[in-house]
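Structure first, commentary second.
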Amino acid sequence: MDHDAQDMTTLPAVPGSTGPRIGLLGLGTVGTAVAQRLLDPAWAAGVAARGHRVPQLVGIADLDLDRARGLAIPSEVRQVTAFGELLDDDVDIIIELMGGAGVAGDAVLAAFEAGKSVVTANKDLVARRGRELEDAAREAGVDLRFEAAVMAGVPVLGALVGELAGSRVDRIRGILNGTTNHILSTMASDAREYDDVLEEAQRRGYAEADPSSDVGGLDAAYKLVLLSRLAWGGWADIDGLRRSIPAIGNSAADGRSAVDGISAIKRSHLSAAARLGLSIKLVARAERLGGAAVRGAVTPMAVAAGSPIGSTHGVTNIIELTADPAGRVSMAGPGAGGAPTSSAVLADVLALSAGAGSTWGQLPPAGGLEIADDLVGPQGWLVLVEGLGVAGLPDALRQLALASTDEGFVTPPLALSELSARVGLVDRAMTAYPILAEAS
């Protein structure tokens with residue numbers, strides 16, 4: 001989201017534009033930022049100076065055209081409430097910024113049928129209906145670009161298809177959601193509980209009124225699906241990605257189910273992790289297994305506090321790509337907001353105008369991609385034990401500990417089944433965070 005207030009601005013349409021004519025679907029935070037740039041002569045002059053054909057905004061579709069947005073739309077720009085009214089010969093490219101996978105997906109498919117290429121920032125849509133949209137775009141002979149759907153203005157999708165085309169990507173991991181990273185960073189630095197920090201984040205505009213997609217890990221999972229498509233050539237089922245750490249010990253015995261995302265993380269968990277040199281982050285990750293299969297998940301993880309991922313705070317996103325022969329490539333920046341997201345949307349428009357084609361570039365048509373649970377195999381665990389206190393670890397747990405505090409301990413690599421069997425001998429509630437191994 002873009003949290004900066006915008007002053008009312010009247011911007012004239014760019015005269016004599018020679019670039020593609022744009023139909024904009026959706027005038028929310030990102031849509032308003034995109035419209036502002038498209039109608040700004042200074043932005044157009046900068047684009048032209050860099051050798052691009054300047055796009056021209058000719059139409060906007062939104063259900064609420066009267067809502068104050070701090071932007072006056074010139075009379076020559078059509079304003080309609082039905083997206084179908086923009087699918088005519090006066091429009092070359094559709095920018096879809098409505099959100100959701102239903103009506104927005106219908107609009108994109110209708111645009112394809114009308115011979116229009118589409119730019120979108122809609123990660124929900126592309127993750128859930130990506131294979132359908134890709135097949136439809138290829139059949140219609142048009143293009144679909146969605147760089148803005150992952151990490152906003154950080155051009156990671158282009159890097160996967162372009163600059164890393166000469167390498168085989170083996171692993172992807174990182175922090176792909178700024179809201180959750182802000183919440184966890186604030187909980188850790190200010191010693192506050194989740195509910196308190198979330199409420200403040202909502203008041204300040206850092207979290208949505210309904211934060212479930214962000215805090216439940218779904219937003220980051222959408223992005224991991226898109227990254228996996230470009231890295232490994234297939235569309236994964238979003239519902240097949242684990243988004244919760246496992247329930248173990250008394251938590252499992254008492255029938256308490258695992259919670260998706262970060263909402264079950266406590267202040268005490270973060271402080272115990274810190275005493276062991278760790279941070280707790282919501283980490284999206286996937287690793288190539290070979291063929292049309294990868295293993296991955298989006299869950300809270302314990303991360304070395306001094307590592308690039310562990311030391312990324314606030315709303316910043318970071319991604320690490322491990323590839324052969326390129327090695328480890330890292331990118332970081334603001335992962336949301338009207339301004340950075342509009343930058344990626346407009347870059348996609350300019351790419352289409354220059355004939356760059358779809359975001360998947362020269363990659364062959366995609367099939368499906370199987371996602372295996374990456375928490376099943378051996379890995380280290382940060383196990384936090386409720387009510388442990390000065391009594392210290394029971395003998396059954398002490399044998400597992402490589403390092404410990406009064407609240408918990410770190411294990412050597414163990415399969416989830418072995419961990420569950422070992423801690424099940426102790427009559428205490430526990431939480432186990434997988435430990436992110438250092439990148440090689």
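The values are calculated or read from the model by the stated rules, or taken from the named source; none is laboratory data. Here the structure is a predicted model, which means the values were calculated and not measured. As a convention, Cβ positions derive from the backbone with ideal geometry for all residues, glycine included, and neighbour counts pool all protein chains shown.
For segment 324-338, a residue qualifies if it is in a strand (DSSP E or B) and either of a type in the set (F, W, Y) or in contact with a helix residue (DSSP H, G or I) (Cβ under 9 Å, 6 or more places away or on another chain) (or both), and the qualifying residues are V329, M331, G333, P334.
S343 - would you say it is surrounded by fewer than 24 Cβ atoms within 10 Å (Cβ to Cβ), assigned to a loop (DSSP other than H, G, I, E, B) and under 21 Å from the mean Cα position of the chain (by Cα)? No; evaluated as a whole, the condition is false for this residue.
Listed here are the residues, each with its yes/no results for (1) over 14 Å from L224 (Cα atoms); (2) out of contact with any helix residue (DSSP H, G or I) (no Cβ under 7 Å at 6 or more places or on another chain); (3) not in a loop (DSSP other than H, G, I, E, B).
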site	(1), (2), (3)
R128	no, no, yes
E134	yes, yes, yes
E139	yes, yes, yes
V154	yes, yes, no
A159	yes, yes, yes
G162	yes, yes, yes
A165	yes, yes, no
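Say we look at segment 268-294 and pick out the residues that are closer than 26 Å to L160 by Cα and at pLDDT below 95; which of these is surrounded by the most Cβ atoms within 10 Å (Cβ to Cβ)? In this case the residue turns out to be V294. In segment 356-368, the count of residues that are over 26 Å from the mean Cα position of the chain (by Cα) and either farther than 21 Å from W235 by Cα or surrounded by 19 or more Cβ atoms within 10 Å (Cβ to Cβ) (or both) is zero.
Cβ-Cβ contacts under 8 Å between residues 6 or more apart (or on different chains), taken from a first residue in segment 311-323 that is assigned by TED's automatic domain parsing to the domain that holds W232 and among the acidic types (D, E) to a second residue that is surrounded by fewer than 20 Cβ atoms within 10 Å (Cβ to Cβ) and in a strand (DSSP E or B), are listed as E320/R171; E320/R328; E320/V329; E320/S330. Within the option set L65, L164, being in contact with a strand residue (DSSP E or B) (Cβ under 8 Å, 6 or more places away or on another chain) and closer than 20 Å to T29 by Cβ holds for one residue only, L65.
Scanning segment 160-169 for residues being surrounded by fewer than 17 Cβ atoms within 10 Å (Cβ to Cβ) and either more than 15 Å from G327 (Cβ to Cβ) or touching a residue at least 40 places away in the same chain (Cβ under 8 Å) (or both) gives a total of 5. Can we say A284 is assigned to a strand (DSSP E or B) and farther than 25 Å from R129 by Cβ? No: the conditions fail for A284.
Considering segment 184-227 alone, what residues qualify as being basic (K, R) and either surrounded by 20 or more Cβ atoms within 10 Å (Cβ to Cβ) or assigned to a helix (DSSP H, G or I) (or both)? Within segment 184-227, R203, R204, K223 meet the criteria.
Pairing each residue of segment 371-386 that is not assigned by TED's automatic domain parsing to the domain that holds A247 with any residue that is among the basic types (K, R) and crowded, with 22+ Cβ neighbours inside 10 Å, provided the two are 6+ apart or on different chains, yields C-beta distances under 9 Å for D374/R285.
In the list D88, D62, which residue meets the criterion of being in contact with a Leu (Cβ under 9 Å, 6 or more places away or on another chain) and among the acidic types (D, E)? So the residue among D88, D62 that is in contact with a Leu (Cβ under 9 Å, 6 or more places away or on another chain) and among the acidic types (D, E) is D62.
Quick one: would you say A127 is in contact with an Asp or Glu (Cβ under 8 Å, 6 or more places away or on another chain) and at pLDDT 95 or above? Judged against the criteria, A127 is not a match. Among the residues of segment 364-415, the ones that are at pLDDT 90 or above and outside any loop (DSSP other than H, G, I, E, B) come to 16 in all.
Filter segment 66-118 for residues that are more than 23 Å from L133 (Cα to Cα) and of a type outside the set (D, E, K, R) and give the result. Hits for segment 66-118 are A68, G70, L71, A72, I73, P74, S75, V77, Q79, V80, T81.
Checking each residue in segment 52-105 for being part of a loop (DSSP other than H, G, I, E, B), of a type outside the set (V, I, T) and either touching a Lys or Arg at 6+ places or on another chain (Cβ under 7 Å) or not assigned by TED's automatic domain parsing to the domain that holds T120 (or both) picks out L87, D90, D92, A101. Apart from one condition, A432 fits all of (1) modelled with pLDDT of 90 or more; (2) under 25 Å from the mean Cα position of the chain (by Cα); (3) of a type in the set (G, A, S); (4) farther than 24 Å from G261 by Cβ; the exception is (4).
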